[in-house]
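Comments concern the structure below.
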Amino acid sequence: MAFEILSIAFMFIGAIFLLAGSIGLIRLKDTYSRLHALTKADVLGFGFIVLSCILSTDLLSHWIKLLLVWLLVISYSALVGYALANRKKRYA
Amino acid sequence: MISFDLGYLIVLPLLASIFSLISPIRVYIALAFSLLSFLLSVYSFLYTLRDNTPLYQWIGGWTPPLGIGLRLDGLSGFFLLMIGIVSLFVALYSISFFNVEYKRQGRFFWFFFFFLWAGLNAFFLSEDLFNLYVALEVLSLTAVILVALPGYKKAIKASLNYLFLSILASMFYLLGIAMLYANYGVLSMSLLSQKLSDTQEFIYALFPITIALAIKSALLPFHFWLPPAHSSTVAPASALLSSLVIKPPAYLMLRLWMEVLPKDKSLEYLSIVLSIMGALAIFIGSYYAIRQKTIKRLLAYSTVAQMGYLFIMVPLYYHGEILKEAVLQAFALQVFSHALAKASMFLSSGNAIYVAKRDELSYMPGFAHSHPFTFFALFFSGATLIGLPLSAGFVAKFLFLELSIKLGFFLHGGIMLLGSLLASLYVYPIWKECFSSHPTKFYDKPIPQLMEISAFLLGFLAFSSGMITGFLLEGIARG
Amino acid sequence: MIWFYYILAILLVIISLYHFIVARNYVKRLIALNILGSGVFLFFITTAKNTNTESPDPVPHALVLTGIVVAVSATAIAVSLILHLNKEEE
Amino acid sequence: MLWQTGKKDMLDLALGLMLFISALLSLHSKDTMKSGVFFIIFGFLSGLIWVRLEAPDVALVEIILGSAITGLLIFKLVKGSKQKDLKAFTFTRLWAGFISFLILIFMLFHLTTIERQDRIASLVFENLHKSGVDSAVNAVLLNFRGYDTLLEVGVITLAIFGLLSLGLKREAYYWDNPLLKGFSRLSLPFIVFFSLYITYLGTFSVGGAFQGGALLAGGLVLFALAGQALPLKASIIYIFTMAGLGVFSLIGLLYALLGYGFLTYPLELSTISIMIIELSIWISTAFLLYTAYSGKL
């Protein structure tokens, strides 16, 4: 029961962060700030959602898969953020 | 003893295409596999003569609706023979052709040539609608690449337009299949024909399928892609495209109308619309063919006109239930004679262009004096296109006329006779130029013998097969 | 929900057909064709869901897989031809 | 019906709406670059919709092939294309609208005739144990309708060699950056392993040769995007690209020669035959799509 409540809470927090990130992506005016919203807030929100999913299942294989997905998202979002910023800097 | 399997007809050309690409002795492999595939085609044709019942083969042992069926009956056996003959002679021609011209393209040509052969065999053997889609896709993608093969701008542009229309047509066809599948839940044609009786939902699916097949076979409002595509590529590719690639959609149309679709009032209207389009295709195609100044465009427009014959016959497919064998015979012979004759004409036009380096009709050398073989190829194939007596084209038109009188479609017969007259108007300038008596210096340039002889033999076969139609059509006549 | 997806598939087909006819740009035409294809595939997959069996009909899935691969092949040829044409025009 | 929507259906509605909007934006925007971006979003969303419609196999292939690879190809095109989007004549617009409207009406009428029925599904599930694989989609793909798949492998081989035969020497676009290089080099082994796993998974669950091959192609393209050449000889890549068609047709031929019939696997040999075919399709799909991107062997 406690896990379920915790899971729902984490999902909620994650959703809020994702929403904030998306609003930032639309509302912010310059590229670097948008990138900031996209990479930082979204990855944080995604992390919370992965956490909530982990809490809602008790299969080891699901945990491992979710953790792998999380690792992958973190690494590629860092790479993509770097790529976008780099391009912006070069062609500004 | 190795038993006969329909799969050989598809796998052998596929393997040939791989070998011809990776092996350095490309030409010998091509020759060997062409002969082998040709022999297989002849064997399957003879098989249909020997056996009265159609041969069905369920691939993987799974009977429809689960699996895919291959069917070899009189009609498909006859068309396999046609593919075999045309492909073999085009192969012989190409061996010589790519030796003297377009050497870079020759490296890849055989790959596509055998793919085309495999696709055609697959198409004429298949009786599964989705399998027909994949085979059609093999054919049209090969055709697109063959159009682009010379690599100059005109060819690329023509091939791109062709590709776009052909993807659109494929998607429409797929949509039609999806609609049929949603309603009836089967893909096999023989099962579909049982399920379709006394239903009407298939009309909706028939609409996209008809549009798709009309685009692919260049029926009138959609004919504009054909002349540039067929006229701008190299001669052997043009011959293959204009004689073989254009036929499968019309064949599928025949199969659908004769064997799958039930009797329905709305089908009658559709058949009238299609036959009007076919009639217009005959007139407009012939009109543009007469006005052309270059030989390849003339031949391409003539293809539009000749395809019109196959569509003007659609009401006969609908009403000709009692005379089914006769309708199939007329259709088969029309396709056969046009395929052989058009291939021969395109190959001869390749000879002419090889000699004159131009493709305007007025630059065509006086072939009757310098290269009699090429002239006779043009003569025989032209005679078949017009339908002069004794030729296969004549017998086809005769059968068709007989049918239209029997079934009471006098107007259709009249239009067809008029089409014959128009055909003589566009074939005549070619013959006239062959007799032109002002040969200048480059006109006696020798043409490689293989190129001349293969074009001639195709034309000769197109003409003389009119005399053995009894033997050729025996398999179809027995049903 | 089946009907919603059917209608979506039809809408995709017709808007992309419209844009295919109207577009004068090869890139736009190519995209329109791909979206048209997706609409047809959606129609197929929705049909797969429209059964009484517990799991959806696997046959349309296999057919759509084939269709997607064929569509990508055609797109690759089209892209190559368009690039070729642009190079010739330069 | 449409108005009886539950909570789960809201997700479908939202996804469908987003799909439609992205399609509209992709088709409507004047800028071809923008069209390409929205097309990729469209492909991704349609992948999600396939998941909602319980077609995960199709979703895998759609996201990688339909969205990523097609998107990359279109970007390659947008970079090399200078053609302007001219406005069509009003007449063209009118008849295009008319035809589209006609088809809309036609298909809406057709919708009323569709009934919920079993079609082939139950037959497939009944015969699944005789096919040699446990996954229904792969049983259809490689056994029941294996002949389609043979021709399909033929089509993709044909397409790629077709574009090679055009002889276009244009350098593929790449980004020369140490970070991307490191990342792609680091991730390639994982992607190879994972795609092989997906291919293997195809024998009993979601996955299969095309899915795995498309995934590997994505990894290879990522590798090429960093401006690196694969550490393989051209002749080996050549063999890899031909493997699918060659092995598949040879196996078909072999069974025909042995007297079983074309592409007819006897029950005890079916699993191993399908495994071999899957492996060959896996490697050749990956390298063919990679070649489609790089434009040369």
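Derivation of every value follows stated rules applied to the coordinates shown; laboratory data play no part. The structure displayed is predicted, hence computed values, not measured ones. Cβ placement follows ideal geometry from the backbone for every residue including glycine, while neighbour counts extend to all protein chains displayed.
If a paramagnetic tag sat 7 Å from the Cα of B:Lys265 along the Cα-Cβ line, which residues of segment D:103-130 would have the backbone N under 19 Å from that point?
none
To make sure I understand, if each residue's beta carbon is the centre and we count other beta carbons within 10 Å, what order do D:Arg52, D:Arg119, B:Arg291 fall in, fewest to most? Let's see the in-between values first.
Working: D:Arg52 18, D:Arg119 25, B:Arg291 11.
Arranged by neighbour count, lowest to highest, D:Arg52, D:Arg119, B:Arg291 become B:Arg291, D:Arg52, D:Arg119.
Please check which bits of segment C:41-55 a label hung off D:Val206 would reach, taking the label as a point 7 Å along Cα-to-C-beta and the cut-off as backbone N under 16 Å.
C:49, C:55
Let me check against my output: what whole-number percent is the relative contact order of chain D, with C-alpha pairs under 8 Å and at least 6 apart? Walk me through the intermediate numbers first.
Details: 308 pairs, mean separation 55.2, N = 297.
Over chain D, the number comes to 19 percent.
I'd like the trypsin sites (Lys or Arg not before Pro) in segment D:176-257 restricted to DSSP loop residues with at most 10 other Cβ atoms within 10 Å, sorted by number.
Values: sites: D:Lys181, D:Arg185, D:Lys233; in loops: D:Lys233.
Qualifying residues, ordered by number: D:Lys233.
For B:Lys324, give me every one of the aspartates and glutamates with a C-alpha distance below 16 angstrom, ignoring sequence neighbours fewer than eight places off in its own chain.
Candidates past the 8-residue exclusion: B:Asp73, B:Glu259, B:Glu402, B:Glu474.
Taking the Cβ of C:Ile21 as the center, what net charge do the other residues with Cβ under 13 Å away carry, scoring Lys and Arg +1 and Asp and Glu -1? Working shown, then result.
Working: positive: C:Arg24, C:Lys28, C:Arg29, D:Arg93; negative: none.
Charge balance in the 13 Å sphere: +4.
Arrange D:Ile236, C:Ile45, B:Ile415 by Cβ neighbour counts within 10 Å, fewest through most, would you? If you can, show how the numbers build up before the last one.
Numbers: D:Ile236 11, C:Ile45 29, B:Ile415 21.
Listing D:Ile236, C:Ile45, B:Ile415 from fewest to most nearby Cβ atoms yields D:Ile236, B:Ile415, C:Ile45.
Can you give me the distance in nm between label points at B:Val273 and B:Lys293, each placed 7 Å from the Cα along the Cα-to-Cβ direction?
With each label point 7 Å from Cα toward Cβ, the separation is 3.9 nm.
Helix check for chain B. Which DSSP H runs span at least 27 Å along their own axis by Cα, with a mean Kyte-Doolittle hydropathy no less than 0.5? Don't skip to the answer; put the middle values down first.
Working: long enough: B:26-50 (35 Å, 1.39); B:74-100 (40 Å, 1.99); B:103-125 (34 Å, 0.77); B:129-148 (28 Å, 2.12); B:153-184 (46 Å, 0.99); B:265-291 (40 Å, 1.19); B:324-356 (47 Å, 0.82); B:410-434 (37 Å, 1.06).
Long hydrophobic helices here: B:26-50, B:74-100, B:103-125, B:129-148, B:153-184, B:265-291, B:324-356, B:410-434.
Which far-off residues, 5 or more places away or on another chain, put their amide H under 5 Å from the one on D:Gly227, with H placed in the peptide plane?
Those qualifying (amide H under 5 Å, at least 5 residues apart or on another chain) are D:Trp175.
Set the Förster distance to 22 Å, then compute FRET efficiency between A:Phe12 and A:Thr57 from the Cβ-Cβ distance, nearest 0.05.
Details: r = 18 Å, r/R0 = 0.82.
After rounding to 0.05, the efficiency reads 0.75.
What distance in nm separates the two pseudo spin-label positions at B:Leu417 and B:Leu39, each 7 Å out from Cα along the beta-carbon direction?
Taking the simple label geometry, B:Leu417 and B:Leu39 are separated by 4.8 nm.
As an exercise, use a Förster radius of 51 Å and the Cβ-Cβ distance of D:Glu126 and B:Ser23 to find the FRET efficiency, rounded to the nearest 0.05.
Working: r = 45 Å, r/R0 = 0.88.
Taking R0 as 51 Å, the efficiency between D:Glu126 and B:Ser23 is 0.70.
Any of B:Lys103/D:Lys296; B:Lys154/B:Lys293; C:Lys28/D:Lys34; B:Lys153/D:Lys34 with alpha carbons more than 22 Å apart? Name them for me. Provide the component values of the computation, followed by the final result.
Working: B:Lys103/D:Lys296 20 Å; B:Lys154/B:Lys293 17 Å; C:Lys28/D:Lys34 11 Å; B:Lys153/D:Lys34 28 Å.
In this structure, B:Lys153/D:Lys34 lie more than 22 Å apart at Cα.
Can you give the relative contact order of chain B as a percent, counting alpha carbon pairs under 8 Å and 6+ residues apart? Walk me through the intermediate numbers first.
On the way: 812 pairs, mean separation 77.9, N = 479.
Averaging sequence separation for qualifying contacts and normalising by length gives 16 percent for chain B.
At q = 0.11, 0.18, 0.20 Å⁻¹, what is the log10 ratio I(q)/I(0) for segment D:131-297, with the Debye formula run over Cα points and no solvent?
-0.48, -1.08, -1.25
Label D:Tyr173 and A:Thr31 with points 7 Å out from Cα along Cα→Cβ: what is the distance between them in nm?
Once both label points are built, they end up 1.4 nm from each other.
By the gyration tensor of its Cα atoms, with a ≥ b ≥ c the square roots of the eigenvalues, what is the shape of the protein assembly as shown: rounded for a/c under 1.5, prolate for a/b over b/c, or oblate? Walk me through the intermediate numbers first.
Working: a/c = 1.77, a/b = 1.57, b/c = 1.13.
Prolate shape, in that a/c is at least 1.5 and a/b is the bigger ratio.
Expected output is a single nm value to one decimal: the length gained when fully extending between D:Arg116 and D:Leu250, i.e. 0.36 nm times separation in residues minus the C-alpha distance. What is it?
Details: separation 134, 0.36 × 134 = 48.24 nm, distance 4.05 nm.
Once the chain is fully extended between D:Arg116 and D:Leu250, it gains 44.2 nm.
Which of the chymotrypsin sites (Phe, Trp or Tyr not before Pro) found in segment B:392-479 are in a DSSP loop and have at most 12 neighbouring Cβ atoms, other than their own, within 10 Å?
Here the chymotrypsin sites (Phe, Trp or Tyr not before Pro) that fit, given the DSSP loop and packing criteria, are B:Phe435.
Please order C:Trp3, B:Trp117, D:Trp282 by the number of other Cβ within 10 Å, starting at the fewest. The partial results should precede the final answer.
Numbers: C:Trp3 13, B:Trp117 32, D:Trp282 27.
Ascending number of Cβ neighbours within 10 Å: C:Trp3, D:Trp282, B:Trp117.
At 0.36 nm per residue, and after removing the present C-alpha to C-alpha distance, how many nm does the segment from D:Lys233 to D:Val51 gain when stretched out fully?
Details: separation 182, 0.36 × 182 = 65.52 nm, distance 3.85 nm.
Stretched fully, the D:Lys233-D:Val51 segment lengthens by 61.7 nm.
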